[in-house]
Amino acid sequence: MDSEDKLVERIARSMSEFISSSKPIGRSSSILELGVGDDSAVVRPGAGHDWTLSSDAFLEGVHFLGDVHPADSVGYKALVRAASDLAAMGATPRFFLMTLAIPMIRTGAWLNRFLQGMKRAARMLDIRLVGGDTTKFPLVMASMTVIGEVARGTEIRRGGARPGDLIYVTGTLGAAELGLELVKQGHLRRKNLQKWIRPHLYPRTRIQLGAWLARKRLATSMMDLSDGLSTDLPRLCKASGVGARLRSKDIPQLDIAKIPRGPTRNQRFDALAMALHGGEDYELLFTVPARHLKKMQRAPGFRALRAIGIITADRSILLENSDGTLSRLRSRGWDPFRKGRRKRG
Ligand SMILES: [Mg+2]
């Protein structure tokens, strides 16, 4: 047996809990007829359901640093990032395929910890590994293809926002950006900062909320926030042919004053700038017609929801500042193809 077969076997053994079987998965109507071990998997789609499919690459040196980021965070995040795009459609995660390229030096303890993190994500998402590929490469590259399930015709697309719709976001925006900043400054292991670093290492996803919005048909458009509100909101607006007006005071921001003093003493973190432009929060951005306002109170995780503005017929994207003045919101989020350093503030 060559070493690639051994590696595949190790991954399969480690993930055995998530590599199964002919029984229905969760509340799924899709059935996995044949999983890992043959040339490809065989899945029987459930009646009255559609699949949503997405893939995401997580690359050493681009999305994480091999010698800085913990291996279990890399494994966790590689899968959660991809699954976030299923949540963003209102779909429920079912299956994933993984292409993993790693250098020899990472095939030992590093890989074990990577798989531990991935298992934690798979458990949280209730998703099954149905195939993939493993190969040697000078850097770590994890590419995840995820398959979600949604009742036919209920997926929530980006293009349905209409003037007058309320704009909602979940969670605290900018939390992942602050965590990244603290890690970059060498505070990864600092105990009193763990709470602030965690959103960067182990982001959550809003699967239940997304699926609820789809089931109840309450949202007219939705996407996940991966590149920052100022970059992602224009994408949603463009797809819908509308504009937006946000109220800066309603955008859920970090409480900077609560960050322990000490290592961060002399820094001036700008909570609003982080909330507008910080990437990787994997929170949901969606629009709801105002007439559904009351129904939204029954949303799972309602307390983590915030209405931050309104969709407009005018296509510009405006920010109402705390002093009442209006300014145009410029996109300053994450873009791997943008030249030079991002300017913030
Ligand atoms: Mg997305």
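Look at D85, D314, D67 and count the other Cβ atoms within 10 Å of each Cβ; fewest to most, that gives D67, D314, D85. For the chain, the convex hull spanned by the alpha carbon atoms encloses 144 Å³ per residue. Using the rule -39500 (n - 2.57) for each DSSP H run of four or more residues, divided by the residues of the chain, the 222 nm mean residue ellipticity is -8500 deg cm²/dmol. For region 1-110, take the alpha-carbon Rg, divide it by the Kirkwood Rh, and send me Rg/Rh. Rounded to two decimals, Rg/Rh equals 0.99. Ranking of E177, E320, E4 by neighbouring Cβ atoms within 10 Å, starting from the fewest: E4, E320, E177.
Each principal axis of region 103-239 carries a Cα extent, and these read 53, 38, 25 Å when sorted largest first. Report the FRET efficiency, 1/(1 + (r/R0)^6), for T135 and D323, where r is their Cβ-Cβ distance and R0 is 45 Å, rounded to 0.05. About 0.20, to the nearest 0.05. In the structure shown, do any of K136/K238; K77/K191; K249/K294; K119/K294 have a Cα-Cα gap over 32 Å, and if so which? Among K136/K238; K77/K191; K249/K294; K119/K294, the Cα-Cα distance tops 32 Å for K136/K238; K119/K294.
When only the Cβ of Lys, Arg, Asp and Glu is charged (+1, +1, -1, -1), the dipole of region 15-151 relative to its Cα centre reaches about 340 debye. Computed extension length for R261-K249: 1.8 nm, one decimal, from 0.36 nm per residue of separation with the Cα-Cα distance subtracted. For K216, the aspartates and glutamates whose Cα comes closer than 14 Å to its Cα, not counting residues fewer than 8 places off in the same chain, are E155.
Calculated FRET efficiency, N192 to R306, Cβ-Cβ distance, R0 = 35 Å: about 0.80 to the nearest 0.05.
Here the relative contact order of region 163-219, from alpha carbon pairs under 8 Å that lie six or more residues apart, stands at 32 percent.
Taking Cα atoms only, the orientation of helix 71-87 departs from the longest principal axis of the chain by about 60 degrees. For region 257-306, the Kirkwood estimate of hydrodynamic radius, built from reciprocal distances between every pair of different alpha carbons, is 14.3 Å. Can you pull the Kirkwood radius for region 128-207, inverse mean 1/r over Cα pairs, to one decimal in Å? Taking every pair of different Cα atoms in region 128-207, averaging 1/r and inverting gives 17.1 Å. Ranked by the mean number of other Cβ atoms within 10 Å of their residues, highest first, the peptides 97-108, 271-282, 36-47 fall in the order 271-282, 97-108, 36-47. Here the Kirkwood formula, the inverse mean of 1/r across different C-alpha pairs, assigns region 51-136 a hydrodynamic radius of 13.3 Å. On the principal axes of its alpha-carbon atoms, region 164-275 has extents of 46, 27, 20 Å, going from largest to smallest.
None of the figures in this text is laboratory data; all of them are computed from the coordinates on show. Bear in mind that the values here come from a model prediction, so they are computed numbers and not experimental data. Cβ atoms come from the backbone with ideal geometry, glycine included; neighbour counts cover every protein chain shown.
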